[in-house]
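Report on the structure given below.
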Amino acid sequence: MSQMINHDIPDDHEIQIEKKFIPKDLDIDKDISWARINKDVLRSLDRPRPIFWVIFFAALALFSFGVYCEKYQYDNGLGVADLNNPQVWGLYIATFIFWIGMGHSGTLLSALLHIIHADWRKPIYRYAEAMTTFSLLTAALFVLIHLGRVWQFYYVVAYPNERWVWPNFSSPLVWDATAIGTYLTSSLLFLYTGMVPDLAICRDNATGARKKLYTFLSLGWQGTDRQWSTFRVTYMTLACFLMPLAVSVHSIVSTDFAVSQNPGWHITSFPPYFVAGALYSGCAVIITLFILLRYVFRFEAYMTMPILNKLIKMTFAIAMVWNYLNLIEYSTVWYGDNMIAKQQLLDKMTGTYAPVFWGMVFCSTVMPFTLLIRFVRTHLPTLMVVSLILNFGMWLERVQIITPTFGHSQYPWTWTSGWWPSWVQFGIVAGSFGWFTMLFMLYCKIFPTISMYEVKEMVHDQGKMLKAKKVA
Amino acid sequence: MISFSSWSVLTVDFLIILHLSLAGVMLAALLHLVGAKWRFDIRAISVSFFSLYPLAFILLLILLYGGKLTFPWVGSYGKLPTWNNLSFLATREILGFIVVGILYGSFVKLQAKAESSPDASHNFRWVAALVPFAHVLFCTMVAWDFEMTLLPNWESSMYSIYHFISAFGMYLGVLVLTVFVLDKSGLFIKSPSPYVYNYIAQMMLGFSILWVYTFFAQYLIIWYANFGDETDRIFLMQNGPYGHLFWTFFIMKFVFPFVMLVFPFNRHNPGAIALIACSIVTGTWIERYTWISGTYPTKHMPMTGIFDIGSTVLVFGIAYMIMRRSLKRNQLIR
């Protein structure tokens, strides 16, 4: 065995030969001038393509329909959503998990890639972080909506009050509210901190009300050595803090299910499964938004194909981790030979909700393999469709965690076959997509979606790297 | 009659040797896939550990020969489906060994000539992409067969992840110790660059945190749901005769490495990194004993009998000689 590696001596000559095969394309053109970077990004705040407004108003229409459905439900009670025992969560909590999941990848990937000094994150991390913030805001809506009596949300919020009425701290729902609140605050802070130098550039180039806004938000940034030094330390500290926080938040969301004694939910691999699912759906959305923003704001020079290629590879790797976790979950049920758990799994595969299960398998297990095809990776309209299918698959995954489990639990008298959500639920879910898109597009119109100062660093570093290579 | 506790010492030896031989190739494959520039310093040493694979196979055969002594669940078919028997276990383990052996062997072979042409580089990349799949699936099977299923009716879907993350963390410890000892003793023909220590230390910190995450996530869910079938095994380990071992490995695998490695100056100090590596390696060893022997605790503590010490010294003595020979053959050491 050991003879096989006889020639594997990493001498200098060999290293240089291999290095020739490493960088095929630069992540970004090294000849872009810094002034052009400013100009291109600032232009996106002024004059996007007309399709921007089409997307915005379509989202607004969708959101309005969602508001109508919510008002209808509020006036008439949860009955109009067809929510009743045992189907008490329906699409609301499934979509809540979906949005929470999406909210994870942006900040988590940005923080992780920042810590490991992956330069290719620089043109894309800003919008990914914004996506996190708006996803979390969207997710929070579902916590209120699914209650029916929305004013009772404070039962899950841990706050001191003079009557000494405390929430139940041993309830995972309270952990959930606390974790998500912390994560939203930290993500917002991370997004804002990273934007400060760019806000100063906006301030210096804006007029009127925008100038006032940017002046206020840029906190007097002048780009002095001291400011940069403090900024770097703060940003890195936040990144290090956010990494474990993000993992813990989705793990805590998983405990809403896993700590129960319900056979379809009491699964010890749920925490990493939820984290992997969150990263997976988030990466798919990052790809969708990458293609969208690249076109709408004419960012072809910054959101380049080599960067997209790296993003796709990362998505594929995470998809495989998610599939592995799915596989061991089903294998454990099979091995454990618990009749109820087995029946429940079989019911998912063959019962009323079989289309949801197999839809998930097709969209989230089979479709990622299309990412191995070069055409899919390089043809943006096709890639956009694939990324949307991946997202849809991840939404189906959340639905199949909740609805079939409620419908086929421990006791046969609670079994509900044939239950499907009402149009009100679908309307509110559709409205949430409108709400997210509307907020996100508004953000892109007001704040720079590409980090100007970091792209400049990237261009500088790439130029330096090339020079060093030429010398070598 | 050799007790289960003694016999489990051999199971632990087998698992340690197996994971050392597999994780070396896995690390080289991962570093190649992510394009880590420091892989050139470490990959030859890393894949040298694959030379321990035949030893792991011999140990597997001995353990399979042990039958009910190695796998106490054999025969308890009231609690297990009948297909889960010794013959099926032996078949899948041996098949798995052969498939993984062929794939990893190809990786080692292709790595040696990966730079000779773009075609060779392309082939090598494909094999490297398959290694993580094989590693995860094979290690899952090993974790189930040699640890999780020791107690019929105890299953945890998290267990396999917990197991191979722990084993990979241990491998990083062994790797850094190997580099440190060879470097200090001047045996290297060409020493790896000093920054390698820092990179491995960062990975050790990452895997230490990941390990405690998998440990706690599993523990929390089992503890909260409070099913007797699930909690018994954990509580027995935690509070039973092996309780002190349980807390020892927790400290050695997480508390000490985390407290040390979280400070950047320790991550740049080879001596400190080697010390932490010792803690992780020993902690993993104790962890394996606790999970295996702790399932059926007896008055006989592991590593206190002649068989325990003798077999372990013999196994690791052979492993030492194989590794030394492999490193020499690969012209890594004098």
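The values are calculated or read from the model by the stated rules, or taken from the named source; none is laboratory data. Keep in mind that this is a model prediction, so the values were computed, not measured. All Cβ positions, glycine included, derive from the backbone under ideal geometry; neighbour counts span all protein chains shown. Quick note on the areas: whole protein, heavy atoms, side chains included, nothing else; ligands and nucleic acids left out. Shrake-Rupley method; radii C 1.70, N 1.55, O 1.52, S 1.80 Å.
Quick rundown of the values:
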| quantity | calculated |
| --- | --- |
| Under 20 Å from the Cα of A:LYS212 - aspartates and glutamates, other chains or at least 8 residues apart | A:ASP46, A:ASP198, A:ASP204 |
| Residue-span extension gain [A:ALA301 to A:PHE241] - 0.36 nm each, minus C-alpha spacing | 18.4 nm |
| For A:264-270, mean number of other protein chain Cβ atoms within 10 Å | 6 |
| Hull shadow area, averaged, chain B [alpha-carbon convex hull, nm²] | 17.2 |
| The protein assembly as shown: projected area of the alpha-carbon convex hull, averaged over directions, in nm² | 36.7 |
| Separation of the A:ASN168 and B:ARG329 label points, Cα + 7 Å toward Cβ, nm | 6.3 |
| Area buried, chain B against chain A - accessible surface, total, 1.4 angstrom probe, square angstrom | 4500 |
| Computed Rg/Rh of region A:329-472, alpha carbon atoms with Kirkwood Rh | 1.17 |
| Gyration tensor (alpha-carbon) shape descriptor, region B:189-307, a/c threshold 1.5 | oblate |
| All aspartates and glutamates inside 15 Å of A:LYS469 as judged from Cα atoms, apart from same-chain residues fewer than 8 positions distant | A:ASP12, A:GLU18, A:ASP25, A:ASP461 |
| Of A:LYS30/A:LYS122; A:LYS122/B:LYS37; A:LYS30/A:LYS467; A:LYS30/A:LYS464; A:LYS39/A:LYS211; A:LYS30/A:LYS470, pairs whose Cα-Cα distance is over 18 Å | A:LYS122/B:LYS37 |
| Pairwise label distance in nanometres, A:LEU327 with A:LYS464, each label 7 Å out on the Cα-Cβ vector | 4.2 |
| Table column - 3J(HN,Hα) (Hz), region A:111-119, Karplus curve with 6.51, -1.76, 1.60, x for Gly and Pro | 5, 5, 5, 5, 5, 8, 6, 7, 5 |
| Kirkwood Rh, Cα atoms: Rg over Rh of region B:241-302 | 1.11 |
| Within the accessible area of the protein assembly as shown (1.4 Å probe), percent carbon and sulfur | 69 |
| 21 Å Cα-Cα reach of B:LYS68 towards lysines, excluding residues that sit fewer than 8 places from it in its own chain | B:LYS79, B:LYS299 |
| Percent breakdown of C-alpha pair distances by 10 Å bin, ordered from the shortest bin, for chain A | 4, 18, 28, 25, 15, 7, 2, 0 |
| Shielding by other protein chains, A:251-263, mean Cβ within 10 Å | 3 |
| Evaluated at q = 0.20, 0.21 Å⁻¹: base-10 log I(q)/I(0), Debye formula over Cα of region A:166-292 | -1.13, -1.18 |
| 3J(HN,Hα) from dihedral phi, region A:221-226, Karplus parametrisation 6.51/-1.76/1.60, rounded to Hz, x for glycine, proline | 5, 10, x, 6, 4, 5 |
| Gyration tensor (Cα) of region A:400-467, equivalent ellipsoid semi-axes in angstrom | 50, 20, 7 |
| Amide H partners (placed H, <5 Å) of B:ILE333, local residues excluded | B:ILE189, B:LYS328 |
| Per residue value of the accessible surface for the protein assembly as shown (all protein chains in place, 1.4 Å probe), Å² | 42 |
| Angle in degrees between helix A:339-350 and the longest Cα principal axis of chain A, rounded to the nearest 10 | 70 |
| For region A:402-410, 3J(HN,Hα) per residue [Karplus equation, 6.51 cos²θ - 1.76 cosθ + 1.60, θ = phi - 60°, Hz, x = Gly/Pro] | 8, 4, x, 5, 4, x, 9, 8, 4 |
